[in-house]
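One structure is given here, and the rest of the page talks about it.
The values are calculated or read from the model by the stated rules, or taken from the named source; none is laboratory data. Just so you know, these numbers come straight off a predicted model, no measurement behind them. Cβ: placed from backbone, ideal geometry, glycine included. Neighbour counts: every protein chain shown.
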Ligand SMILES: Nc1nc2c(ncn2[C@@H]2O[C@H](COP(=O)(O)OP(=O)(O)OP(=O)(O)O)[C@@H](O)[C@H]2O)c(=O)[nH]1
Ligand SMILES: [Mg+2]
């Protein structure tokens, strides 16, 4: 790959529903531009983009893969995104560093959930988008139906740039409506023929619309068009570019990735009409310590700044920090200032990377995408700058984790083995978290959905060689009391020699907002003050281990109001035992209850699913707090017990065909209903039996 300057770089991401053919289209582009001689196939596990063992095995993309290609003196950095929303951390970071989005659609299925998400992403980052209607060769492919769905279901103004010649097994190639040629690709080579007569009338209509739309591009073109003068091809391209960047319409292309058709018109458009890195909306950055973000333009001639959008630990080259250069240039064998970490980093090697293959370059210009290797302190979302020009770019905001499971490993020593692997995984993926929860004594893995966790577990297994299983996590229930109770407890043991003696009178009162309070009300030295810490310790130990079902006790005030001691037999140990046993006794008779964690759930779905989602939430003992409409979507807020929503990501997906998204956040503890309480106590008893 040559070195490219900003005006010759295009950054383009491919988004769309899973299985719409993004990875296959990238493969077709590589074949058409002669980077590869043999076309790989997703089903054979030999595509350039899906090279990760997990991707090959599952036949889906998991990583956002950068694939630079060269076409007509330009470098197009394609980023092949995963279709599954579970891999949102890969998706969002990468969309941010591009200027154009290609939304892939399957000609046999039209608008799908993934298409709607692609639309949302492009809107969030203000990217102009174009559609590529793929799989035109497949049985039941229907071009015009998909185009009308773009218009009706997505409410987007489509503009046809190509028309298919034939459909399904008769699909032969496309009409390029800009150049007005019949374009076929044979062995990746473009063959241009005159437009077949039988298509003339259809093509005329489509071309007329294209010219009219291009003429809206600027006043000069509009005048010329209204004067009845024909626009040249260059003028049409100029007008299309302007309209595309201003998002006045969405160009629609069609083709077949598997049969390599429709690729050249798409590439021509990207080179001629896609915004340059300098033509996007400005980046937002602030001076370190400042609150306000200002606009930064992509510009080669100002000091260097770059944004780290992704981190990968590569088995061969080590840690790779993927960057988008925003201004100036990043040079190999130099150094750069990490603003977030306030530290200089060496840039031993700057790379451009095609899928898994890094290639050393002398420098990366503003607008380009590449990677730096073995950065010491740099992590995703950091800004790298010329020290005289320190800027902090806005971090990528990711949704909160929605899926929690527990990891079970065969032995304690295995747990240590997976530690390093866990660290590597979570370093690359901000949406993945693995931590030990001391309260429920389990290792918890949290992420964006069951596919996300499943992939993470597979990776952990292959990195550590430990057989790991996912199990439902325990619920961190709590115990408390509902009435005040007081009693006396005597601990006395006589086993020859020195005995043990301690007597405490404890009073337990329920409290509202205080987890625990200990009060010493003993007067007249009935228990010498030196034993006070032991009594408190005994109480705390009992609270930690629970009384009715082994869960932590909260919301009690414990008063030790009297007691007795023995000059010889009393000891710290004796009083600790007395307090601990006494606490349990008084607690059991103070109408104890079990509390369960309640989470605040925010579920966003298309309006027509509102009834189903609310009904389901009520069935899950949820309390609906309210809802807010925004466009055609509605966000429902509800309070739901944690135990009911461990599998909510799966439930919501099947209820809404994947259209719903949600976030959850801990709210408070509430008493569990009595029937569940009995079940919890029963389960605790069983667990205790199994343990002993
Ligand atoms: N008939 C036909 N099949 C295609 C075409 N393009 C892709 N496919 C098939 O569709 C399936 C999915 O293709 P991918 O390229 O993996 O789709 P993707 O959009 O990358 O999917 P994700 O990575 O999961 O988001 C594979 O079995 C491909 O062989 C096409 O043009 N025609
Ligand atoms: Mg893919």
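Assorted remarks:
- Residue in the range 482-496 that is surrounded by 15 or more Cβ atoms within 10 Å (Cβ to Cβ) and under 16 Å from residue 403 (Cβ atoms) present: no
Yes/no matrix, rows are residues, columns are (1) farther than 17 Å from residue 475 by Cβ; (2) modelled with pLDDT of 95 or more; (3) outside any strand (DSSP E or B):
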| position | (1), (2), (3) |
| --- | --- |
| 614 | yes, yes, yes |
| 653 | yes, no, yes |
| 664 | no, no, no |
| 675 | no, no, yes |
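- Condition met for residue 211 (loosely packed, with under 15 Cβ neighbours inside 10 Å, out of contact with any strand residue (DSSP E or B) (no Cβ under 6 Å at 6 or more places or on another chain) and assigned to a helix (DSSP H, G or I)): no
- Any hit, the range 136-158, residues being touching a strand residue (DSSP E or B) at 6+ places or on another chain (Cβ under 6 Å), within 16 Å of ligand 1 (Cβ to nearest atom), at pLDDT 95 or above and farther than 23 Å from residue 207 by Cα: yes
- Inter-residue pairs, beta-carbon under 7 Å, first more than 12 Å from residue 25 (Cβ to Cβ) and in the range 47-58, second in a loop (DSSP other than H, G, I, E, B) and more than 10 Å from ligand 2 (Cβ to nearest atom), 6+ apart: 51/355; 51/356; 56/45
- Test: residue in the range 332-349 that is in contact with a helix residue (DSSP H, G or I) (Cβ under 9 Å, 6 or more places away or on another chain), surrounded by fewer than 23 Cβ atoms within 10 Å (Cβ to Cβ) and in a strand (DSSP E or B): no
- Restricting attention to the range 8-38 and to residues that are in contact with a helix residue (DSSP H, G or I) (Cβ under 7 Å, 6 or more places away or on another chain) and in a helix (DSSP H, G or I), the residue that is farthest from ligand 2 (Cβ to nearest atom) turns out to be 32.
- Elements of type strands (runs of 3 or more DSSP E) in the range 74-159, at least 1 residues being farther than 30 Å from residue 170 by Cβ: 74-80, 100-106
- Exclusive hit being in contact with a helix residue (DSSP H, G or I) (Cβ under 8 Å, 6 or more places away or on another chain), exposed (fewer than 13 other Cβ atoms within 10 Å of the Cβ) and not in a strand (DSSP E or B), set 534, 467: 467
- Among the candidates 542, 579, the residue that is closer than 22 Å to residue 592 by Cβ, touching a residue at least 60 places away in the same chain (Cβ under 8 Å), in contact with a strand residue (DSSP E or B) (Cβ under 9 Å, 6 or more places away or on another chain) and part of a helix (DSSP H, G or I) is uniquely 579.
- Which listed residue is over 28 Å from the mean Cα position of the chain (by Cα), modelled with pLDDT of 95 or more and more than 26 Å from residue 29 (Cβ to Cβ), from 328, 243, 239: 328
- Restricting attention to the range 553-566 and to residues that are part of a loop (DSSP other than H, G, I, E, B) and crowded, with 18+ Cβ neighbours inside 10 Å, the residue that is nearest to the chain's Cα centre (by Cα) turns out to be 555.
- Verdict on residue 112 being within 22 Å of residue 81 (Cβ to Cβ) and either surrounded by 23 or more Cβ atoms within 10 Å (Cβ to Cβ) or within 16 Å of ligand 1 (Cβ to nearest atom) (or both): yes
- Meets criteria (surrounded by 24 or more Cβ atoms within 10 Å (Cβ to Cβ), within 25 Å of the chain's Cα centre (by Cα) and closer than 30 Å to residue 365 by Cα) for residue 89: no
- Identity of the residue in the range 42-66, away from ligand 1 (no atom under 12 Å from the Cβ) and farther than 16 Å from residue 313 by Cβ, that ends up surrounded by the fewest Cβ atoms within 10 Å (Cβ to Cβ): 57
- Test: residue 364 is in contact (Cβ under 8 Å) with a residue 40 or more places away in the chain, assigned to a strand (DSSP E or B) and over 24 Å from the mean Cα position of the chain (by Cα): yes
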